[in-house]
Structures are given as structure tokens and as C-alpha cells.
Amino acid sequence: MRLLNILTLVCFFSVASQAQETHRFFDTQNKILFTGVAVSRTLDMHSTWQARRQGLQEAYLSNELVDNKKKFTGFSYGMAGASIALSYAFHKKGWHKAERILSYVHIGTVGYTAGHNYYLSYWQ
Ligand SMILES: [Zn+2]
């Protein structure tokens, strides 16, 4: 998993350094991507709580954090907000591909985690 993260970062910054044409930050593609980030976070929260109700342990965070719905909701949407803020920083630097790739990676990793949680909850 660490090798995958390193490869992702290498691809991310190699693409980020290329010059791209500009666009409005809240264009259609970013609106769809940011909605995807929020949806993947929502599915991750729901699937985590489902797994906890089945008696499974949280793998990446503490059980205390994910069992507190207000804290976990704040954490999850805080991460979504941080991702969008970082996308905005990339946009201002002119790294428009990196700005989009960040959301794709966010949706992919969090969506995968949610799917894994549902798999463990319902089919294990
Ligand atoms: Zn941009």
C-alpha cells in the first residue's frame, strides 16, 4: 500500500508540473468531482458505522473517534473541505491537472475503503 501511495505522489507531482490552460475553479468538472468527494466521505462514514455495529474494529482511526458521530462527521467533512482547499491552492498555482487528480484519488481511496467496509459488514 505504501508503494502505491508513493507511485501516486510521483505521478501526481510529475503531472502537476506541466503547464495547463486555465478555467473557472467551480466549473462543471470540479462541481462533479467535489460532489463525488462528499458522497464518498458520506458512504465511508455510513459503512464504518455499519461495520462497527457488526463488532468490527476501525483499522485507520481510533474506535473512540468513529463511534462519536459528531466527531467522525466533523473529521470526514473536514477532510473533504481540506481536499477542496488543496485543489483550490493547486488551481491558483496553475496546476489544473493536479487539482483534478487530487479529487480522483480522494474519491478512489475513500470509495475503496467504503466498499471494503460494506464487504466486511455484509459478506464476511
Ligand atoms: Zn484549475
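The values are calculated or read from the model by the stated rules, or taken from the named source; none is laboratory data. None of the values given here were measured: they were computed from a predicted structure. Ideal geometry is used to build each Cβ from the backbone, glycine not excepted, and the neighbour counts take in all protein chains shown.
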Worksheet, complete the sentence: Those helices (runs of 4 or more DSSP H) completely within the range 4-105 that have 1 or more residues that are at pLDDT 85 or above, within 12 Å of the ligand (Cβ to nearest atom) and crowded, with 16+ Cβ neighbours inside 10 Å are 28-53, 69-93
Item to complete: Give me the pairs, please: first residue somewhere in the range 68-96 and farther than 16 Å from VAL37 by Cα, second residue anywhere and part of a helix (DSSP H, G or I) and within 16 Å of the ligand (Cβ to nearest atom), beta-carbon distance under 7 Å, and either six or more positions apart or on two chains.
Response: PHE90/ALA16; PHE90/ALA98; PHE90/GLU99; PHE90/LEU102; HIS91/GLU99; TRP95/ALA16
Discussion item. Anything in the range 106-117 that is among the β-branched types (Val, Ile, Thr) and buried (at least 20 other Cβ atoms within 10 Å of the Cβ)? List them, or say none.
Written reply: ILE107, VAL110
